[in-house]
Amino acid sequence: MPERVGGQVSRTAGRSDGRTTALGTVLVVFLSVSPTVRLSSQDTSHVVAPGARIVSTDTAHRIGPGGAFWRSLVLPGWGQAATGRHVSGALFTTWEGVTAMMTLKARREANYLSRIGGTGLKLKRQEVQDWTVLWVFNHLFSGAEAYVAAHLQDFPKDLKIQAVPGGIGVSLPLPRR
């Protein structure tokens with residue numbers, strides 16, 4: 001290999017046996033196979049006239065708190081998506097990806113430092129533990145949040161809390177009959 005400015009180029013993207021590349025390929029295929037989801041703005045079956053008020057809600061297809069908890073414990077964000085909280089589900093899923101990749105990156109760097117006998121191995125192992133704790137915490141917190149969100153599905157969305165002179169006021173609109 002000819003020498004270039006800056007010295008010899010080393011391969012750091014994966015292992016020579018191809019395991020990192022195969023793991024990445026499996027991850028990409030797994031994430032690509034998920035079924036497509038129709039966005040709520042594309043669903044025209046429940047069009048309501050402007051100013052109309054929905055009187056009854058569909059409770060037959062609601063997910064229970066236990067189901068939401070287990071879904072989010074298995075895959076953070078799944079329980080939130082099942083209860084109709086897509087933004088918080090996406091945030092939990094995104095953080096899951098960040099913590100997983102940072103844990104794997106720190107572990108790879110710790111293995112490299114261990115192989116070459118480099119300094120800072122103790123700090124790198126601490127970083128691996130820190131990211132692993134955040135990864136586990138995301139699972140547990142996502143499950144707990146989905147459990148609470150499933151309990152609060154029937155809570156009125158029009159509830160408003162605001163500061164009033166002398167304290168805090170709560171307003172809850174009641175339906176007219």
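None of the figures in this text is laboratory data; all of them are computed from the coordinates on show. A quick note: this is a predicted structure, and the numbers were derived from the prediction, not measured. Glycine also receives a Cβ, built like all others from the backbone with ideal geometry; neighbour counts cover every protein chain displayed.
Does GLY84 meet the test of being free of Cβ contacts under 8 Å to residues at least 24 places away in the same chain and either surrounded by fewer than 17 Cβ atoms within 10 Å (Cβ to Cβ) or among the basic types (Lys, Arg) (or both)? Show your work before the answer.
Numbers: free of Cβ contacts under 8 Å to residues at least 24 places away in the same chain: no; either surrounded by fewer than 17 Cβ atoms within 10 Å (Cβ to Cβ) or among the basic types (Lys, Arg) (or both): yes.
No: the conditions fail for GLY84.
Of (1) more than 20 Å from the chain's Cα centre (by Cα); (2) under 30 Å from PRO65 (Cα atoms); (3) in contact (Cβ under 8 Å) with a residue 12 or more places away in the chain, GLU127 satisfies all except one. Which?
With (1) more than 20 Å from the chain's Cα centre (by Cα); (2) under 30 Å from PRO65 (Cα atoms); (3) in contact (Cβ under 8 Å) with a residue 12 or more places away in the chain applied to GLU127, the lone miss is (2).
Is one or more of the residues making up the range 101-110 touching a residue at least 12 places away in the same chain (Cβ under 8 Å), surrounded by 12 or more Cβ atoms within 10 Å (Cβ to Cβ) and within 27 Å of ARG71 (Cβ to Cβ)?
Within the range 101-110, one or more residues are touching a residue at least 12 places away in the same chain (Cβ under 8 Å), surrounded by 12 or more Cβ atoms within 10 Å (Cβ to Cβ) and within 27 Å of ARG71 (Cβ to Cβ).
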